[in-house]
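Read through the structure below, which is laid out as C-alpha cells, and then see the notes.
The values are calculated or read from the model by the stated rules, or taken from the named source; none is laboratory data. As the structure is a prediction and not an experimental result, all values here were calculated from the model. Note that we place each Cβ from the backbone using ideal geometry, even for glycine, and neighbour counts take in every protein chain shown.
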Amino acid sequence: MSATCGKNRSKLYKTDLGNFKYNDILLKAFSYGIIKLNNGVQIASKEKALCDTLYLEKPIRSVYRMKEFLFDDLRIDKDKFMNLNFKDLKNNWFYINV
C-alpha cells in the first residue's frame, strides 16, 4: 500500500510487476512522519505507515480485535511492535483524527 493526498480517491494500478494501490490520506496528516532519504526519496516511518493503515481500516472497537488485526492480519512481529516509537504513533494518530 502507498499513500497519497488531495486526490479524494484510491487508485489501483495493475502492471506486469504487480498491483500497486494508492490510498488517499488526509492532507494534514500526510507529511507527518515522512523520512527523507539522501537520494531524495521520501518514505513513511514505521509509525506513520501503521497509522495510515489503521486510518484506512474499518473502525476497530475492541482490544482483542486490534491485537488480532495487528498480529494476525498484518503479521506484525510483537517484539518489533514493542520497539516502535509510541510517541510518534500517538502524534501520527492525532494528525489523522483531528
Exclusive hit being at pLDDT below 85, under 23 Å from Phe81 (Cβ atoms) and either part of a helix (DSSP H, G or I) or of a type in the set (A, V, I, L, M) (or both), set Tyr55, Tyr32: Tyr55
Pairs, first on the phi > 0 side of the Ramachandran plot and surrounded by 12 or more Cβ atoms within 10 Å (Cβ to Cβ) in the stretch 29-54, second of a type in the set (Gly, Ala, Ser) and part of a strand (DSSP E or B), C-beta under 9 Å, six or more apart: Gly33/Ala44
Asn38 being at pLDDT below 90 and either under 23 Å from Thr4 (Cα atoms) or touching a strand residue (DSSP E or B) at 6+ places or on another chain (Cβ under 8 Å) (or both): no
When residues of the stretch 1-25 are limited to those that are assigned to a loop (DSSP other than H, G, I, E, B) and under 19 Å from Cys51 (Cβ atoms), the one nearest to the chain's Cα centre (by Cα): Met1
Sole exception among (1) under 15 Å from the mean Cα position of the chain (by Cα); (2) at pLDDT 90 or above; (3) on the phi < 0 side of the Ramachandran plot for Arg65, by number: (1)
The stretch 1-35: number of residues that are in contact with a strand residue (DSSP E or B) (Cβ under 9 Å, 6 or more places away or on another chain), among the hydroxyl-bearing types (Ser, Thr, Tyr) and farther than 15 Å from Leu56 by Cβ: 2
Residues within the stretch 58-70 that are surrounded by fewer than 11 Cβ atoms within 10 Å (Cβ to Cβ) and part of a loop (DSSP other than H, G, I, E, B), tallied: 4
Looking only at the stretch 1-28, and only at residues there that are surrounded by fewer than 13 Cβ atoms within 10 Å (Cβ to Cβ) and aromatic (Phe, Trp, Tyr), the one that is nearest to Leu74 (Cα to Cα): Phe20
